[in-house]
Amino acid sequence: MTELRVHTYTAAEPGIFVNSYLLETADGVVLVDAGLLVSDARALAERLGALRKPLLAAFVTHPHPDHYNGLPYVAGDDVPVYATALVAKTIERTAVAKREQWEPTYGAEWPDRFRVPDRPLEGGGAVEVAGLRIRVHDLGAAESHADSYLLVEAGEKRHAFIGDLAFDGVHSYTADGHSGAWLDVLDRLVDELAGAPLYPGHGAPGDTGLLTRQRQYLLMYREAVGRVAAGAPSLSEAQKLELTQTMTRFLPGAPLGWLVALGADAVAAELAASSSFNAREGS
């Protein structure tokens, strides 16, 4: 039976506490997500080197830069990088724009190159590597424009690597504006992943309680945005401050509070569009 050891590298706050995972077996190592900043990617590469085993494959759970930026610093050109076809296409389409958006903030810490996953899996699929069976489940839009999770089988044991489908102990990124679809995915996965340990993109591993708490957060966020926006597709700066105060009370002491305002307009627009659609359907 394959013995799996999961090593977690967690970035500090500048790298938004993102987790990268090294899955070690007797045969080698598999990487799940690769971090945001150059310094974290290099530290992750050092952690990999300390294992003294070859990196046999890498997987990217979704197309946000904090999960793929570090690939060129960790995975050599000979290492296959897997993702769903939609994740790979979305990275290819958005990576340059993401760099233009965030490089002024991060400077030299933002990588000057990126790598698109070169082993796209249409609709998901299974890969046998390092004695593991890794099945990629394509979920479509949820937290990002293209989400997936990995179900890793080591003998009879299952481990789920869920990307940013649940944030544990930090505020959530909602700026892609799919909070309704995200809720639907969470409802489905509570049963689908029952019994497996869950490894999130931000926060500590847990069980399906991670998904339940994320659902509660999103319901609260949508309710607060809807109340403050009052049907408008965007919020003023004062309204965003009010929203941030509300969510801070809901999740006291949680870091990354700046994410609350960042996603406000996207969710307000999502709610406004949904209300307009429902009004038309009811007329």
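Read-outs throughout are calculated quantities, based only on the coordinates presented, and are distinct from any laboratory measurement. Note that the coordinates shown come from a computational prediction; the quantities given were computed from them, not determined experimentally. Positions of Cβ are generated from backbone atoms using ideal geometry, with glycine treated the same way; all protein chains shown enter the neighbour counts.
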Point to revise | Straight-distance crosslink candidates among lysines, where the alpha carbon sits under 19 Å from Lys53 and sequence neighbours closer than 8 are dropped | key: none
**Study point:** Three-way shape label, segment 85-181, alpha-carbon gyration tensor, a/c 1.5
**Key:** prolate
Point to revise | Additional length obtainable on full extension of the chain from Arg188 to Leu51, 0.36 nm per residue less Cα span | key: 45.7 nm
Revision key, fill the gap. So, relative contact order of the chain in percent, Cα under 8 Å, 6 or more apart, is 14 percent
Review point. Tell me which aspartates and glutamates have Cα within less than 15 Å of Lys240's Cα, excluding those fewer than 8 residues away on the same chain?
Key: Glu223, Asp265
Revision key, fill the gap. Note: Glu3 to Glu156 extended length (0.36 nm per residue) minus current alpha-carbon separation gives 54.0 nm
Review point. Using the per-residue mean of other Cβ atoms lying within 10 Å as a proxy for protection, in what order, highest first, do the peptides 214-224, 138-148 fall?
Key: 138-148, 214-224
Study note, to complete from the structure: Checked the chain with the C-alpha gyration tensor, a ≥ b ≥ c its square-rooted eigenvalues, rounded below a/c of 1.5, otherwise prolate if a/b is larger than b/c and oblate if not; verdict prolate
Study note, to complete from the structure: Checked segment 189-283 with the C-alpha gyration tensor, a ≥ b ≥ c its square-rooted eigenvalues, rounded below a/c of 1.5, otherwise prolate if a/b is larger than b/c and oblate if not; verdict oblate
